[in-house]
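The values are calculated or read from the model by the stated rules, or taken from the named source; none is laboratory data. Just so you know, these numbers come straight off a predicted model, no measurement behind them. Cβ: placed from backbone, ideal geometry, glycine included. Neighbour counts: every protein chain shown. For the accessible areas, the whole protein counts, side chains as well, though only heavy atoms, and no ligand, DNA or RNA atoms are used. Shrake-Rupley method; radii C 1.70, N 1.55, O 1.52, S 1.80 Å.
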Amino acid sequence: MKEHPEKTLELARAVLETEARGILDLCERLDGAFVRACGHLLGCTGRVVVTGMGKSGHIGGKIAATLASTGTPAFFVHPGEASHGDLGMITPGDTVLALSNSGETDELLTILPLIRRQGVPLVALTGNPRSTLAREATVHLDVSVAREACPLGLAPTTSTTATLAMGDALAVALLEARGFTAEDFARSHPGGRLGRRLLLHVADIMHTGERIPVVRADAALSDALLEITRQGLGMTAVVDEQRHLVGVYTDGDLRRTLDRGLDIHATRIGEVMTRQCRSAQPGMLAAEALKLMEDHKINALPVVEHGRLVGALNMHDLLRAGVV
C-alpha cells in the first residue's frame, strides 16, 4: 500500500463509483412494484419480518432496525433458524421481507411453503427476477446490479449496497406515509442526542429546593455573592416575600458593580440586580432553554412557574445532560 498509493486510491475510487452506479441504476427500475410493496408494508397490522442468509442477512438486520426506528415495527429472523422453530415468530397480520441476491437460497426456499401457509404477504428483494423467490413473492423488487465492485466479481459488494439502499428507500417512503416526525424518532432513540434534545425538559435537569441560588430583594449584596459562590451556578435569583421572581444577579453584574465602586456590604441586591431578566419554565424543552441562553449570551436561567421561582439551571447542566 505504501509503495503504490495512487493504485490504492484508484482502486478505492473504482469501488465507490461501481457501487454508486449500482444504486443509481435502481432509480430507473422503480415502478408500481415498489408502490405495491410499500402498500403491503404500510398495511401490515403485525410486524415486518425480515429474513436473509449470509451477507443478505446482515443487510436484512440493518433494514429491520431502520424500519423499526422509523415507525414500522420490524425484526430479523434467520432463515436457517426459522425452519427449526423460529418460523413461529411469523403470525397472521405480519409481512415477510425476504432478501436473496440469487433468489435461490436454499434456506429461504425451504420456508416458502410455510410462509404461504400462513397467508402473509411476501415482499422479495433479489438480483434475479426469474428466480424461484421472485416468482413466489407477492411483490418482487429487482435489485440486480451490472457487476460487483470486487475485482474477482465474487464478494457481495455492489449487490449488498443496492439491497441496503432499496431497504432505505422503503423505510423512508413508509416514514413519510405514516407522518413520522422527529419527535417520534426521538421516542425510539431516548439515549441518543436527538432523543435528549427533543424529549428532555427543563424540569428534568434543573436545580430545585435547597440547590436553587436565591436571595430576597432586600438582602445585602455581600449575601448575594455568598449565595452565588455557595451554589456555583454563576448567578442568584432575587425574589419577593411570595417568592415571585423580581430579578437576577450574575457574575457579569458583579464585575459591573465593582467598576462602580459600590460597597458590597451597604448596597442592597435590589439596587443592582437585573430586573428585566430571562427565565425558563419547567415544561420547556431543554433544547429551547439552550437556544434562549445562546440567543441572549447568558449562561444561567432561573426557572419560574406562574411567576414563582421553582428552579435554576446553567450551561453546565445542559452539557452534562448531553443537550449541547
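Quick check on Ser56: is it under 15 Å from Val123 (Cα atoms) and among the hydroxyl-bearing types (Ser, Thr, Tyr)?
The answer is yes for Ser56.
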Residues (open to solvent by 60 Å² or more (accessible area, probe 1.4 Å) and touching a residue at least 12 places away in the same chain (Cβ under 8 Å)) located in the range 289-315:
His296, Asn299, Glu305, Arg308
Given the condition open to solvent by less than 40 Å² (accessible area, probe 1.4 Å) and touching a His at 6+ places or on another chain (Cβ under 6 Å), answer yes or no: does some residue in the range 140-149 qualify?
no
Please verify whether Thr18 is part of a loop (DSSP other than H, G, I, E, B) and either in contact (Cβ under 8 Å) with a residue 24 or more places away in the chain or closer than 20 Å to Val123 by Cβ (or both), treating the condition exactly as stated.
no
Which of (1) within 30 Å of Leu26 (Cβ to Cβ); (2) at pLDDT 90 or above; (3) touching a Gly at 6+ places or on another chain (Cβ under 8 Å); (4) open to solvent by 50 Å² or more (accessible area, probe 1.4 Å) does Val172 not meet, given it meets every other one?
(3)
Being closer than 22 Å to Thr91 by Cβ and under 24 Å from the mean Cα position of the chain (by Cα) is the filter here, so list the residues in the range 50-65 that pass it.
Val50, Gly57, Gly60, Gly61, Ile63, Ala64, Ala65
Wholly within the range 230-297, helices (runs of 4 or more DSSP H) carrying at least 2 residues that are acidic (Asp, Glu) and out of contact with any Gly (no Cβ under 8 Å at 6 or more places or on another chain):
251-259, 286-296
I need every pair where a residue in the range 242-268 that is more than 19 Å from Ile298 (Cβ to Cβ) has its Cβ under 7 Å from the Cβ of a residue that is in a loop (DSSP other than H, G, I, E, B) and open to solvent by 40 Å² or more (accessible area, probe 1.4 Å), sequence separation at least 6 or different chains.
Arg268/Asp218
